[in-house]
Amino acid sequence: MRLTKAFSLFELILVIFISSITLILTLKFIKEINLTQIENQNLAILKTDMLSTKIIIEKNLPQIINTLNYSNKTLYFGNAVLLDNVTKFNMQNGTNILNIHIELDNKISQNWSFKL
């Protein structure tokens, strides 16, 4: 009788231990999924900001050449902020083509060419 109670107690402790490990690993996995989703959401927002900037530049050609300014990691269109967290910006004006290289938040880098 004592052996049966001891074995039942051992089984109970073993089940609680295994359940605890399963619960901890499940919560860790859910946390990883959540962090990945947040990072993907931030990248999608950055891509949307880049696309919006490209559209604004494209719609305001050729006068944007004189009104586009870059300083302190911010891209300005006239006096208005066009894009924040710009780590690199280079604009080259050719004869009929405007080339822009832009890098946003050290994550997304794009080269754009616009026909003037």
- Item | Choice from GLU32, GLU103, GLU11 with maximal GNM fluctuation in the chain (Cα, 10 Å cutoff) | GLU11
- Task: Work out Dmax and Rg for the stretch 30-103 from the C-alpha atoms and quote the Rg first, both in angstrom.
- Result: 15.2, 54
- Pairs of lysines in the chain (C-alpha under 21 Å apart; 8 or more residues apart or interchain): 12
- Item | Lys/Arg +1, Asp/Glu -1 at C-beta; the stretch 1-102 dipole; positive extreme among LEU43, ASN72, ASN93 | LEU43
- Task: Please name which of ILE55, ILE16, LEU83 has its Cα lying farthest along the dipole of the stretch 1-86 towards the positive end, using unit charges on Cβ (Lys, Arg +1; Asp, Glu -1) and the Cα centre as origin.
- Result: ILE16
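Throughout, read-outs are computed from the coordinates displayed, never taken from laboratory work. Just so you know, these numbers come straight off a predicted model, no measurement behind them. Note: ideal-geometry Cβ built from the backbone for every residue, glycine included; neighbour counts use all protein chains shown.
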